[in-house]
Each structure stands twice: as structure tokens, then as C-alpha cells.
Amino acid sequence: LNSRREYDPVAIVYSQASMRLQWMLDWRNHGEEWTRQDTDSQNLSNPWRRALRLSMEAVVRQGLTPRFIPARDLEIGALRRGIRVLILPDTLALSARAAAVIRAFIRRGGVAVAYGEPGRYDEHGRRWDRPPLHDLFSASGRREPGDGHAVLLSPEDPSTELRDLGAVVRKAGVAGEYSISRVDGSPVTDIA
């Protein structure tokens, strides 16, 4: 009861605004059909939930314990807690201020990984004319001044994306205290 959870320098953004926005986008052409939905099946098919789950699995399979950061906490210094890798799982909605914080994080040497271009909408669900991080995430791995960079992943093939995210985290110099490897030294990625 008195133990304290130890987190690795990896954070996953939890964006309630993105979840709501994804739900609205998914149901906008179905009229009142949403009132008859099966919430269990919706949880499995929602792209935002799927990206969040894949992100968590990929990090945990590296033997790491990520910190979840609500999107609104980006604006109040959450990335100043020693975070080196920031994961944006299908983060559709970002405020201008949160985008500026992410840009500064990358400039300071952080690595930001996104499933799909982040911040296509503001925090109120209004589409940006040009997403505030478009220049960073429009081309995978585009560099900002400093050592950090942005990586854009597309969750079309989950197994490939899990391997790719694990490689990005390792390349950023983040590793668990203990690791399991295959006989050839390559990391094991098929355990949870």
C-alpha cells in the first residue's frame, strides 16, 4: 500500500476532446441510430480507442511503464517531468497552446510520435485551416532545431506499428530497467 509507481520517461496523451470528436465524426451520418448502439462493439472499432490501446501495448511490450497525460495538462507543464517520448494516439483535437508546448518539447530534444496527424481540430472540435503541427508531422521524422524530432505513424498495420513504435522508443534512449531478448539479441515484442 505504501509503494509508489515508477514511471519511465514516456507519456501517452489522453485526449477526452479527441475521443468525443471521433465519436461525433463516426456517428454524424447515422441520425438517431446512435441511440441503439452497442457500446462494447463501439469500443473495439473506434480509431481513437484503438490507437490508444496500440500505443499502450507497444510501450508495455518494451518493458516500460508510461505516464498518461490528459491533453489539457500539456498546457500546465506536464512535459517538464523528465518525459523524453510523447505519444499522441490519434489526437484529433489540440489547442494552439498545447501544440506550442509540443513544438517546444521537440525543440528541447523530445521525441513526439503520432498515430495520424495530430491536432486537425482545436480543443472545441473546430477544424483548423492548417493544423498547428502540420509542418512537423506531415513528413515522418521531420526535424526541428535541437535533437528532438516528430514521427508520424499510420495505424493501418498494427503489428508493424507496434514494432515501429518500439524502435522509436529505443532509439530515443528509453529502455526498461530489465529487458528480455531473443538469442540473437533482438528485443522480444510478443509478450505483455
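The values are calculated or read from the model by the stated rules, or taken from the named source; none is laboratory data. Only a predicted model underlies this, so the values are computations on that prediction, with no experimental measurement involved. Because the Cβ atoms are built from the backbone with ideal geometry, glycine has one as well, and the counts that use them run over all protein chains shown. Accessible surface is based on the protein model in full, side chains and every heavy atom, while ligands, DNA and RNA are left aside. Shrake-Rupley method; radii C 1.70, N 1.55, O 1.52, S 1.80 Å.
Scan the stretch 50-96 for residues that are under 17 Å from G110 (Cβ atoms) and assigned to a helix (DSSP H, G or I) and the total you get is 8. Of all residues in the stretch 119-131, exactly one satisfies the criterion of being open to solvent by less than 30 Å² (accessible area, probe 1.4 Å) and modelled with pLDDT of 90 or more, namely P131. Scanning the stretch 77-94 for residues that are more than 14 Å from the chain's Cα centre (by Cα) and open to solvent by 10 Å² or more (accessible area, probe 1.4 Å) gives G77, R80, R81, G82. Only one of the numbered conditions (1) modelled with pLDDT of 90 or more; (2) outside any strand (DSSP E or B) is violated by A11, and that is (2). Within the stretch 149-181, the set of residues being modelled with pLDDT under 80, surrounded by 14 or more Cβ atoms within 10 Å (Cβ to Cβ) and in a loop (DSSP other than H, G, I, E, B) comprises P155, A175, G176.
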